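Right, one structure below, let's go through it.
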Amino acid sequence: MLTIDSLRAWGADIETGLNRCINNEAFYLRLVDKCIRDEAFVQLKASVEAGDLARGFELAHALKGSTSNLALDPVSRPVTEITELLRSRTDTDYSVLLNQIMSERDALINLL
Amino acid sequence: MFGKKFLLNEETLPIVEQLGSQMPGGFFIYKADDEEKLLYANKAVIRIFGCDDLEDFKKLTGYTFRGMLHPEDYALISNSINKQIDTNADKIDYVEYRIIRKDGAVRWVDDYGHFTETDAYGGVYYVFISDITEKKAEREALLRQQELEEKLALQEQLLHQQEQASRMSQMITAMASDYRSICYVVLDTDEGICYRADHTYTNTLTVDEHFVFSQKFTNYANQYVAEPYREGFLQFINPDTIRERLATELMISYRYLRVHDGEESYEMLRMAGVRRPEDRGDHIVHAVGIGFTDIDKEMRETMARNEALRIALNVAEEANKAKTAFLSNMSHEIRTPMNAIIGLNSIALNDPETGKKTKEYLEKIGSSAQHLLSIINDILDMSRIESGRMIIRHEEFSFSKALAQVNTIISGQCRDKGLEYTCHTAGKMNDYYIGDDMKLREVLINILGNAVKFTPAGGKVSFDIRETARFDRKATLRFTISDTGIGMSKEYLPKLFDSFSQEDSSSTNRYGSTGLGMPITKSIVELMNGTIDVTSEKGRGTTFIVTITLDVSDRLDAASEDGDLQPHEMCVLAIDDDPIACEHARIILEQVGIVCETATSGPEALEMVKMRHARREDYNLILVDWRMPEMDGIETSRRIREIIGSEAAIIILTSYNWDEVADEAMAAGVDTFVPKPLFAANIMTEFREAFRRRNKALLSGKADLAGRRVLLAEDISVNAEIMLMILSARDIEADLAENGRIAVDLFASHHEGYYDAVLMDMRMPEMDGLEATRTIRGMDRSDAKAVPIIALTANAFDEDVQRSMQAGLNAHLSKPVEPETLYKTLEDLIQ
């Protein structure tokens with residue numbers, strides 16, 4: 001069961017996130033739930049691993065938008081980082097960032 | 001006559017006869033019966049009747065009383081005697097009558113009679129008579145003489161009265177000689193008569209002419225009264241108007257221009273009630289005297305005088321303007337180099353390479369420069385007061401905060417100088433009053449500053465505040481400022497408030513004064529309808545009492561609208577074509593912890609403002625130099641306002657006197673003026689003042705968001721949902737488009753003006769935000785150019801912002817979007 005407290009314990013900036021949702025907890029939690037289940041996470045990993053950096057950027061950018069908006073900081077931080085790398089199509093080892101993203105996302109799924 | 005004891009009878013009659021014969025005057029006795037037969041008549045009676053003897057007398061008169069009297073007199077005399085005897089206790093009568101002597105002469109006699117009853121003869125009359133013909137004639141002559149004299153006197157009196165009346169009339173005529181014609185008009189019957197007419201001067205009236213008032217005067221108006229005066233003239237001669245005005249005025253008049261044969265001259269028509277209304281029973285004027293006067297000379301003289309006065313006034317006004325301009329220019333001429341001195345001085349002081357000794361010199365230069373500047377500011381203030389340009393504001397302010405600001409400054413000065421400072425408030429006071437707190441503070445700081453200045457170390461300065469009266473939502477506050485300083489002599493006190501006066505001119509330098517502080521203080525207090533009193537004793541100290549009446553405000557909360565203004569939250573843009581001034585502003589602002597960016601021209605500043613605005617990170621304060629080449633401060637302010645709307649406070653910094661342009665500047669969106677150069681000490685006060693004004697302005701002119709319709713283009717559903725949620729919280733309806741293409745289609749498919757704004761995500765599949773914006777802006781419909789389009793993006797690089805502005809976006813919000821920022825942006829952009 002996803003709760004404000006469990007999200008806070010996980011590291012979300014609850015105050016900021018709630019504030020964006022005009023302090024409507026149910027609405028916020030529903031959006032977080034939706035965000036966590038987003039297929040984009042898996043698709044991002046797949047695309048980048050497949051070397052499709054352009055597609056990866058699109059996906060990372062979208063994830064950056066939603067996770068930042070909900071103030072899911074532990075996951076939005078690496079997502080933002082990878083977005084910028086992908087924007088410039090930087091040829092680098094993305095696995096560290098991808099793993100970080102996926103593990104934080106998994107931690108979130110466990111909260112469900 | 002012989003007493004009651006004397007009894008007249010046959011025996012006593014001879015005694016009477018004996019007595020009578022000896023009497024020089026006439027004496028006779030007759031019976032008071034119908035026959036009136038004489039019982040006795042003495043010789044004198046016979047002599048009076050011109051008879052020779054008794055027989056002769058008896059023949060003439062029949063020896064009866066009736067026979068003695070002139071027949072014409074008998075009835076009247078007999079009647080008179082009876083009446084006198086009846087009403088007289090002593091039974092005495094006196095009559096005068098005529099007799100006819102034997103020789104036929106008619107003579108007058110007087111007759112003293114006494115009636116008495118006798119046993120022998122019944123009622124008898126004893127009568128004494130004497131001939132009074134001559135005496136009577138004399139008497140009558142005298143009477144006639146008297147009568148004549150009286151008549152003469154009366155005549156004389158009449159003559160005198162006539163003379164007086166004629167003199168009065170002449171005098172009135174003389175007094176009224178300036179009336180060229182005079183008439184008498186009965187208002188009730190509309191009839192008039194002319195008493196005087198000047199034949200050299202035609203006004204259609206002739207002496208003794210009877211006329212119909214309304215007709216005659218209306219004709220006159222139409223014929224002779226110049227057109228601009230005609231309506232007034234006709235109104236003036238309206239009987240109702242006349243009656244109404246004369247009920248309260250003794251005399252009424254109307255001046256007009258008369259045109260006759262093309263010649264113009266001023267004339268006056270005057271009217272007065274012939275009897276004043278209060279002297280009449282009905283209190284209404286029924287008849288009036290009307291006079292025409294030629295006032296051409298006076299009028300033309302007056303007009304010439306007025307013209308001369310007007311010219312003199314113009315000259316004086318010009319001179320005054322010239323003086324103000326001179327003062328204004330002078331102060332600028334001095335202040336411009338002063339700005340450079342103070343600016344460079346502070347830069348040099350902040351230079352780490354400046355040595356200790358040089359720093360000391362620089363500090364002295366700095367304080368001298370500031371003193372010089374304060375003199376110039378005072379002179380400018382004084383000229384502003386003198387020309388009536390100093391305005392006292394009427395705004396709500398926090399009293400405790402105003403006092404706190406005063407106390408901060410003064411307690412600091414006292415601490416530095418080693419003085420004891422106390423501030424007490426006594427009695428109940430409101431948290432807020434309505435008035436001009438800046439001016440009030442200036443007054444208090446001025447007086448307290450003087451107290452500090454003129455009190456040697458170890459002395460005391462006290463400040464007491466008390467509300468002394470309250471009435472009608474007004475409160476009178478008394479501020480008492482006492483010190484134990486050097487004091488002033490009684491002789492000097494009256495001169496205290498004169499410009500440039502100081503008791504000991506040698507002390508000017510020691511105490512560093514301009515000599516204008518007190519006159520300015522007094523003028524400000526007077527402008528606030530307050531009073532200022534001072535008592536002082538040389539060597540003992542001085543006490544000032546300022547009394548000011550302010551309006552009461554019921555506001556209680558101590559939290560202030562400007563209390564939250566914290567230096568570290570501020571972002572300031574300073575615009576000045578002089579790089580030194582920019583640098584100076586930056587240093588000063590950094591001293592109080594404010595981040596400051598600078599621009600050296602209007603256009604450069606506009607670019608910076610545009611960029612910040614697009615990101616919704618507006619500067620909250622913009623300092624603009626007034627005089628700049630290319631684009632001056634007011635124009636720059638106007639353009640800045642076009643970009644940022646009511647956001648941010650704009651302060652014009654100037655060394656000029658800004659009174660002339662104050663209105664234009666305010667209209668351009670400037671909030672306040674601050675004299676150059678900036679000083680760290682008062683900078684926050686000035687800024688708060690500017691913000692306070694700005695906040696007031698913000699209360700008006702905001703769009704109500706409820707019921708507005710927004711088109712939201714956003715491809716990420718979480719973000720879209722949040723946006724929709726935020727929008728619905730303010731009752732804003734929103735249509736969601738998942739990409740740019742859909743957004744364009746939705747916009748195109750609805751009628752003009754359907755959407756109040758578009759929120760455009762930049763990065764979207766199919767068609768991105770820039771493309772969608774360009775497409776919408778390119779549509780051929782009235783709202784295509786006008787509808788606000790707000791970019792939503794995570795990228796807030798300047799280049800992106802610039803690109804989006806070029807595409808026609810109005811604003812650029814960084815994601816994630818804060819609800820309040822979004823509302824504010826919509827409020828500002830939606831018309």
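Values for this structure:
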{"read-out": "Relative intensity, log₁₀ I(q)/I(0), of chain B from a Debye sum that treats every alpha carbon as a point, q = 0.09, 0.11 Å⁻¹", "value": "-1.02, -1.17"}
{"read-out": "Label zone at A:L112, where the point sits 7 Å out along the Cα-to-Cβ direction: region A:41-62 residues whose backbone N lies under 15 Å", "value": "A:41-43"}
{"read-out": "Radius of gyration, Dmax [region B:183-306; alpha carbons; angstrom]", "value": "14.8, 47"}
{"read-out": "Distance in nm between pseudo-label sites at B:L313 and B:N529 (7 Å out along the Cβ direction from Cα)", "value": "2.7 nm"}
{"read-out": "Cα-Cα over 18 Å, subset of B:K356/B:K417; B:K31/B:K58; B:K59/B:K102", "value": "B:K356/B:K417"}
{"read-out": "Per-residue mean of C-beta atoms belonging to partner chains within 10 Å, peptide A:13-22", "value": "3"}
{"read-out": "Under 27 Å from the Cα of B:K216 - lysines, other chains or at least 8 residues apart", "value": "B:K297"}
{"read-out": "Cα-projected label distance for B:E147 with B:K102, points at 7 Å along beta-carbon direction, nm", "value": "3.5 nm"}
{"read-out": "Extension gain, B:S177 back to B:D464 (0.36 nm per residue minus Cα-Cα distance, nm)", "value": "96.2 nm"}
{"read-out": "Stretchable slack from B:A426 to B:Q591, in nm (0.36 nm times residue separation minus alpha-carbon distance)", "value": "55.7 nm"}
{"read-out": "Options A:L86, A:L97, A:C35, ranked by Cα towards positive dipole end of region A:4-110, top entry (Cβ charges)", "value": "A:C35"}
{"read-out": "Neighbouring partner chain Cβ atoms per residue of A:61-70, average, 10 Å criterion", "value": "6"}
{"read-out": "Cα radius of gyration and Dmax for the protein assembly as shown (Å)", "value": "59.4, 201"}
{"read-out": "Centre separation in Å (Cα based) which lies between region B:158-189 and region B:55-112", "value": "61 Å"}
{"read-out": "Estimated FRET transfer efficiency (B:Y112, B:I15; beta-carbon r; R0 22 Å; 0.05)", "value": "0.60"}
{"read-out": "Number of partner chain Cβ atoms within 10 Å, mean per residue of B:712-724", "value": "5"}
{"read-out": "Length gained when the stretch B:H283-B:K824 is fully extended (0.36 nm per residue, less Cα-Cα span)", "value": "187.4 nm"}
{"read-out": "Label-point separation in nm, B:R300 to B:N82, each point 7 Å along Cα→Cβ", "value": "9.3 nm"}
{"read-out": "Most to least packed among B:393-402, B:746-755 [average Cβ atoms within 10 Å]", "value": "B:393-402, B:746-755"}
{"read-out": "Residues A:T3 and B:N320, FRET efficiency given R0 of 56 Å [Cβ-Cβ distance, rounded to 0.05]", "value": "0.15"}
{"read-out": "Estimated [θ] at 222 nm from DSSP helical runs (n ≥ 4, -39500 (n - 2.57)) normalised by residues in chain B, nearest 500", "value": "-14500 deg cm²/dmol"}
{"read-out": "R0 of 35 Å, Cβ-Cβ distance B:M611-B:S728: FRET efficiency to nearest 0.05", "value": "0.65"}
{"read-out": "Packing rank of B:244-252, B:139-147, B:542-550, where each peptide gets the mean count of other beta carbons within 10 Å, highest leading", "value": "B:542-550, B:244-252, B:139-147"}
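Throughout, read-outs are computed from the coordinates displayed, never taken from laboratory work. The model shown is predicted, which means the values in this text are computed figures rather than measured ones. Don't worry about glycine lacking a Cβ; one is built from the backbone with ideal geometry, like all the others, and counts go over all protein chains shown.
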